[in-house]
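K.L.:
Please find one structure pasted underneath; my questions will follow.
The values are calculated or read from the model by the stated rules, or taken from the named source; none is laboratory data. From a predicted model like this one, the values you see are computed outputs, not experimental measurements. Neighbour counts are summed over all protein chains in view; Cβ atoms, including those assigned to glycine, are modelled from backbone coordinates with ideal geometry.
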Amino acid sequence: MTEQDLDDRLAALIGQPMGSRETSQAPDPVNQPMIRHWAAAFEDWNPVYTDPDWAAKSRFGEIVAPPLMLQTWTMAIPKIAGIAERGGSPVEAEGTAALSILDEAGFVGTLATNSEFEILRYLRLGDVISAATTIESISPEKQTRLGAGRFVTWVTTYTDESGDVVGRQRFRILKFRPDGVPERAISSR
Amino acid sequence: MKLPAHRITLDWVEIRIGDEVTPLEIDVTPTVIVAGAIATRDFMPVHHDRDYAKTQGASDIFMNILSDTAYCSRFLTDWAGSNAMVRRVAIRLGVPMFPGRKLVYTGTVVGREQRDAEGVVKVEFRATNDLGDHLVGTAEIGFPTVVIS
């Protein structure tokens, strides 16, 4: 595959869905038990997450979910058996075309570089959240300290049951051709 | 348990550029990393299985990104208060966070503006460990401009 072929194949992916499904719906509505579990794990005792009386008197008027829990609601239900054998993927591989094209072109290393959340409103108990992820951009080849690579950015739009957007998340990874990979260059999400 | 500072919300009109965000220090143990990974529903073995993490070139399990951003929001609202809304968080990731070290979030107010019905404060922050910057980022926090209760 020539450089031009690769550019063309990657350009065709911009705006396309990431993974095989266009939209994924949260398996459960926004709920107090998962919020309490999250609050305990991070020792975040903001009372608007878990104290109904406090929350009622707050600007929110009721319990709200921690804003950066947004992605957690739509995470796939993991298939625990075989997770290590699948390279850590929590579900059976869903073809992510951009990444497999880059892997085939030798950009086999993956390094997460950026995460960005935009919060339009805080989620309330009972909200049913859906997520749609599309590829936003793929950079030209760049020289990085890890080797030649391309930055891939995808954007996930989160909506409620009325279809109103509640938040967005941008996530960027570097796909690179490893040349002497230091410890930090490990797949991570 | 001591009453957290965020039961009181800062008054937007009193926040100044250059103000320090109260630092947040976390003693990162394996339990902290595993609890965060599972609470964010991230079952990737690199966040709970040291043997697996070693096969991936890491020296130990390491913190997942959803925990990084969870602590960002705790850091911001522990300082700003419970009526503050995290509107935007953007981070660039640096060195990994392994267990047995401290992670320290620090930040400074770099901007403020009235936007719709909110006073928006912009913060630049970083979280560092013994290896360097684990992440650097910016955030926007929305404060009510009318005092609530």
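Yes/no per residue for (1) assigned to a strand (DSSP E or B); (2) at pLDDT below 85; (3) over 17 Å from A:Asp127 (Cα atoms); (4) within 14 Å of chain B (Cβ to nearest Cβ):
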position: A:Phe151; (1), (2), (3), (4): yes, no, yes, yes
position: A:Thr157; (1), (2), (3), (4): yes, no, no, no
position: A:Glu161; (1), (2), (3), (4): no, no, no, no
position: A:Gln169; (1), (2), (3), (4): yes, no, yes, yes
position: A:Lys175; (1), (2), (3), (4): yes, no, yes, no
position: A:Pro178; (1), (2), (3), (4): no, yes, yes, yes
position: A:Ile186; (1), (2), (3), (4): no, yes, yes, yes
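K.L.:
Are any residues in segment B:6-21 among the β-branched types (Val, Ile, Thr) and out of contact with any strand residue (DSSP E or B) (no Cβ under 9 Å at 6 or more places or on another chain), and if so, which ones?
P.N.:
If the condition is that a residue be among the β-branched types (Val, Ile, Thr) and out of contact with any strand residue (DSSP E or B) (no Cβ under 9 Å at 6 or more places or on another chain), then B:Ile8 is the only one that fits.
K.L.:
Restricting attention to segment A:96-140, report how many residues are farther than 30 Å from A:Ala55 by Cβ, of a type in the set (A, V, I, L, M, F, W, C) and part of a strand (DSSP E or B).
P.N.:
Step one: filter segment A:96-140 for residues farther than 30 Å from A:Ala55 by Cβ, giving A:96-114, A:133-140.
Then drop every residue that is not of a type in the set (A, V, I, L, M, F, W, C), which leaves A:97-99, A:101-102, A:105, A:107-108, A:111-112, A:135, A:138.
From the residues that got through so far, the ones that are part of a strand (DSSP E or B) too are A:111-112, A:135, A:138.
Going through segment A:96-140 one residue at a time, the tally reaches 4.
K.L.:
Can you pull out the residues in segment A:9-53 that are among the basic types (Lys, Arg), closer than 19 Å to A:Val128 by Cα and at pLDDT below 95?
P.N.:
Passing the criteria: only A:Arg21.
K.L.:
Take segment B:71-90 and flag every residue that is in contact with a Pro (Cβ under 6 Å, 6 or more places away or on another chain) and either farther than 18 Å from B:Thr40 by Cβ or of a type in the set (Asp, Glu) (or both).
P.N.:
B:Ser82, B:Asn83 - these are the residues of segment B:71-90 that are in contact with a Pro (Cβ under 6 Å, 6 or more places away or on another chain) and either farther than 18 Å from B:Thr40 by Cβ or of a type in the set (Asp, Glu) (or both).
K.L.:
Within segment B:96-115, identify whether any single residue is facing another protein chain (nearest Cβ under 9 Å) and assigned to a helix (DSSP H, G or I), and answer yes or no.
P.N.:
Within segment B:96-115, none of the residues are facing another protein chain (nearest Cβ under 9 Å) and assigned to a helix (DSSP H, G or I).
K.L.:
Go through segment B:79-122 and report how many residues are under 17 Å from B:Thr69 (Cα atoms), β-branched (Val, Ile, Thr) and surrounded by 21 or more Cβ atoms within 10 Å (Cβ to Cβ).
P.N.:
The total comes to 3.
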